[in-house]
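The values are calculated or read from the model by the stated rules, or taken from the named source; none is laboratory data. If you're wondering where the values come from, they're calculated on a predicted model, not measured in any experiment. Using ideal geometry, Cβ is built from the backbone for each residue, glycine included, and neighbour counts are taken over all protein chains shown. Each accessible area value is taken on the protein alone, full model and side chains, heavy atoms only, with ligands, DNA and RNA left out. Shrake-Rupley method; radii C 1.70, N 1.55, O 1.52, S 1.80 Å.
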Amino acid sequence: MLRSNYKHCNLTILSAVMLGAFSTSSFATATFDPATGIVDMPVVEVLNGASSDFYSAQLQLGDDGLQLVAAQSIPAAKGQQRVVFDSTTTAVHIPSVVVGANEFYAKLKLVPGSNPLRFTVDQLVSNSFQGCPGFSTPGPVEGSCVLSGEYNENITLTKNIQWIVSSGVFIGGDNVNSATLTINPGTQIFGQQGADYLWIRRGSKIMAEGTPDNPIVMSGPLQQTAGEWGGLVISGNAPVNGCNEGVNLCEIPFEAITSEFFGGNNPADNSGVVKYTQILFAGFAVRPNEELNGLTLNGVGSGTVIDFVQVHEGLDDGVEMFGGTVGLKHLVLTSIGDDSLDWGSGWAGKAQFVLIKQADDDGDRGIEADNNEVNNDIEPRAKPVLSNMTMIGAPVATQGVLLRRGTGANIWNSVISGFPDCVSIDGEATFINAGAPGNLTGELTMVNSFVNCGNNFLDGNGATFAVSDWFTSQAGNSQEDALLNGYLPAVGSPLTLGGAPVNDAFFDAVDYVGAFKDADDDWTEEWTFDF
């Protein structure tokens, strides 16, 4: 009932605002004609994964919401502000409805099953600074507000405020007093120093819904150096390893801040949404060799959506999974100081479309993969499925992919280039888990993939077979120049027809290798920080 009343209140406000004046400002992404009740949206992008369609559309304002009354296909119109409908979240984001001298952001939500399509008003927010809300305090400059401490109620961060994270900011208690943090498109969040970080605890959610034209930005204050702030941490209730055998509910402390726990018995746990988001210049050493990463996912479940996320110039790892089952798509991991993609504690999730691009003067591994450092064979064993990765290294790096400490993995359709070593397998438990060339167990595989490094393979400690034999014994693998132009396939690249679909509903069906189908498939454009 409260939710219904809230929407009705917003609809009443929207009606009043739109009826108040009619603007034809060239900056508006939607206008309203009070004589007809028509909301006109000249450019609407409908997102469907990395692809999208463009329309001009009209909505009719009525007592029960906004109904779609017209839609016409138009040519793609990227590179400009526009209305965005995200089919994943069923939200319409209108960046600017200009009414006289005032400008508003509006968020609409699709009414499930409606035909014709009908939308309710979820948010209506002034795009000008209106003062700091009660859950924050005034910041050091006009238009800034400070977040600090623990939040046990739902809060929304809007783009009309520059948000400052002070020390550890926690959303919810640990599976108590749960809350949702909503972050609107175009919102900017800054840490002031290394020990400032944003933490979503178990049972709570983050709803960070950026758009291609208005990505969410989480950054350090200067945007110049790795480690300017802590980063984003999400903790969930999905399974992890690291407890004594026979423990029904495995919950473990986070290595850097041991008072915080994660893990549970819900593989489908939902910690929310992070889409079209930049995480910049993060990473902080809480203790020696115990750092925060750009994005840390602790026991996060498969109900969580992580899609179109960039981590750039992090001091430690780009994205690190500690167990869990979370899936990730469209990752851009650039100029990371340590490992770009790291997992351990039994991560059994999925990832597709991953670009890893190292800096020329810094960086360790493209992927560092463990099951468990203490007990390499502990269950649940790490065994993610990954497809369509493009990993571009530099001479200062260590390896493209290091598979060790008993990890499993099924790697598809990936290209590794420019590292001193492309692929290394290390540790007796890892080799035994894999089986042997010609008689693999299926627990550790790589198919339809290309390697082209100074040294393609490195046999680690406890080797029971040559990594080169493991690679060449599997279907579709090749040791040749993949003909990349930067990070995209050049004309004539063998990558464009070298792939195969993964038989799993999480994965988009592809016939190509690497993160990009061809030179025209650059899904990093517009929403990422310059790399």
Per residue, how many Å² of accessible area does the chain show with a 1.4 Å probe?
38
Post the alpha-carbon centroid distance, the range 457-520 to the range 337-367, in whole angstrom.
16
Tell me the relative contact order for the chain as a rounded percent, counting alpha carbon contacts under 8 Å between residues six or more apart.
7
Pairwise label distance in nanometres, Ser73 with Ala101, each label 7 Å out on the Cα-Cβ vector
4.5
So what is log10(I(q)/I(0)) for the range 30-126 at q = 0.12, 0.14, 0.17 1/Å, when the Debye sum runs over its Cα atoms only?
-0.36, -0.49, -0.74
Just to be sure I follow the definition: excluding the sites themselves, where is the longest run in the chain that has none of the GluC sites (Glu not before Pro) in a DSSP loop with at most 15 other Cβ atoms within 10 Å?
1-141
Over its Cα atoms, what ratio of radius of gyration to 2.2 N^0.38 Å does the chain give?
1.00
Taking the highest mean first, how do the peptides 51-63, 178-190 order by number of other beta carbon atoms within 10 angstrom per residue?
178-190, 51-63
For an R0 of 41 angstrom, estimate the FRET efficiency from the Cβ-Cβ distance between Ser56 and Phe135 and round to the nearest 0.05.
0.60
Which FRET efficiency value, to the nearest 0.05, is calculated for Phe506 and Glu142 with the Förster distance at 41 angstrom and r the Cβ-Cβ distance?
0.35
Please report the carbon-and-sulfur percent of the accessible area for the range 137-496; probe 1.4 Å, protein heavy atoms only, DNA, RNA and ligands left out.
46
Grab every C-alpha pair in the range 213-319, bin the distances at 10 angstrom width from 0 up to the longest one, and report whole percents.
16, 39, 33, 10, 1
According to a simple spin-label model (label point 7 Å from Cα along Cα-to-Cβ), what is the distance in nm between Ala35 and Gln80?
2.5
Compute the helix-to-body angle for 2-20: its Cα long axis versus the longest principal axis of the chain, expressed 0 to 90° and rounded to tens.
60
Structure-based [θ]222 nm, the chain - -39500 (n - 2.57) summed over DSSP H runs of at least 4, per residue, nearest 500
-2000 deg cm²/dmol
Karplus-derived 3J(HN,Hα), 6.51/-1.76/1.60, for each residue of the range 164-171, Hz, glycine and proline x
10, 8, 10, 6, x, 10, 10, 9
Of Thr90, Thr445, Ser51, which is farthest on the positive side of the dipole of the chain, counting Cα position, with +1 on Lys and Arg Cβ, -1 on Asp and Glu Cβ, and the Cα centre as origin?
Thr90
With a 1.4 Å probe and all protein chains kept in place, how much accessible area does Ile74 have, in Å² rounded to the nearest 10?
50
Please report the spacing between the Cα centers of the range 380-410 and the range 225-298 in Å, no decimals.
19
Tell me, what is the percent relative contact order of the range 65-147, built from C-alpha pairs under 8 Å that lie six or more residues apart?
22
Computed curve, the range 475-523, Cα-only Debye sum without solvent term, log₁₀ I(q)/I(0) at 0.15, 0.21 Å⁻¹, is -0.40, -0.73
